[in-house]
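Read through the structure below, which is laid out as structure tokens, and then see the notes.
The values are calculated or read from the model by the stated rules, or taken from the named source; none is laboratory data. Keep in mind that this is a model prediction, so the values were computed, not measured. Here the Cβ is made from the backbone with ideal geometry for all residues, glycine too, and neighbour counts use every protein chain on show.
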Amino acid sequence: MTDIKKILRTLPAFCSLTGVHAEQIDNAENALGLHFADDYREYLLAFAIASSDGHEFTGICNSKRLNVIDVTIAAKNSNPSIPRDWYVLEDANMDGIIIWQNKTGSIFQTQPNRETVKISDSICEYLGL
């Protein structure tokens, strides 16, 4: 597994909170009825939430706008055809674009009235790292 903690810290304008405990991650997975990819779990353990150079990633926090549980539930209510094991990695807040990840780490992009597109196999690949 890559060291996502070290890699993300190299991004321009990187900002984050302190990571969460494994129990909090397990609780979030249970609330959503799914399992997070290994790299997303590693990210949560290191940072809880983070942003960099135009990206604002979901995580585990008190902000409904960034909390993976709240954001995923809202996005799935608007997109009922989304597979059960997907969760929101990033809501672009532009043109309805949502970036999803599944438990294997694959990253997808959805946008209203467009086909779902697989865009990468990991968070690092999604960021071009």
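Just checking, how many residues over segment 1-51 are among the polar types (S, T, N, Q), farther than 18 Å from residue 101 by Cα and either touching a strand residue (DSSP E or B) at 6+ places or on another chain (Cβ under 9 Å) or buried (at least 20 other Cβ atoms within 10 Å of the Cβ) (or both)?
Matching residues across segment 1-51 total 1.
Scan segment 100-122 residue by residue and report those that are without any contact (Cβ under 8 Å) to a residue 60 or more places away in the chain and within 16 Å of residue 73 (Cβ to Cβ).
Once the filter is applied, which keeps residues that are without any contact (Cβ under 8 Å) to a residue 60 or more places away in the chain and within 16 Å of residue 73 (Cβ to Cβ), segment 100-122 yields 100, 110.
Using beta carbons and a limit of 6 Å, which pairs, at least six apart or on different chains, have the first residue in segment 51-72 and within 14 Å of residue 93 (Cα to Cα) and touching a residue at least 12 places away in the same chain (Cβ under 8 Å) and the second one among the polar types (S, T, N, Q) and surrounded by 17 or more Cβ atoms within 10 Å (Cβ to Cβ)?
Sorted first by the residue in segment 51-72, then by its partner, the pairs are 66/58; 71/58.
Looking at (1) within 25 Å of residue 30 (Cβ to Cβ); (2) in contact with a Leu (Cβ under 7 Å, 6 or more places away or on another chain), which is the one condition that is false for residue 110?
Result: residue 110 passes all but (2).
Taking interchain pairs and intrachain pairs at least six residues apart, which have beta carbon atoms under 6 angstrom, with the first residue in segment 23-36 and closer than 13 Å to residue 87 by Cα and the second of a type in the set (S, T, N, Q)?
32/72
Run residue 51 past the list (1) among the polar types (S, T, N, Q); (2) touching a Ser or Thr at 6+ places or on another chain (Cβ under 9 Å); (3) within 15 Å of residue 32 (Cα to Cα) and report the number of the one that doesn't hold.
Of everything listed in (1) among the polar types (S, T, N, Q); (2) touching a Ser or Thr at 6+ places or on another chain (Cβ under 9 Å); (3) within 15 Å of residue 32 (Cα to Cα), residue 51 misses just condition (3).
Is one or more of the residues making up segment 86-96 surrounded by 15 or more Cβ atoms within 10 Å (Cβ to Cβ), in a loop (DSSP other than H, G, I, E, B) and modelled with pLDDT of 95 or more?
yes
Considering only residues that are touching a strand residue (DSSP E or B) at 6+ places or on another chain (Cβ under 9 Å), part of a loop (DSSP other than H, G, I, E, B) and not small (Gly, Ala, Ser), which ones fall in segment 109-129?
Matches in segment 109-129: 111, 116, 121, 127.
Any chance you could count how many residues in segment 64-85 are assigned to a loop (DSSP other than H, G, I, E, B) and surrounded by 14 or more Cβ atoms within 10 Å (Cβ to Cβ)?
So the count comes out to 4.
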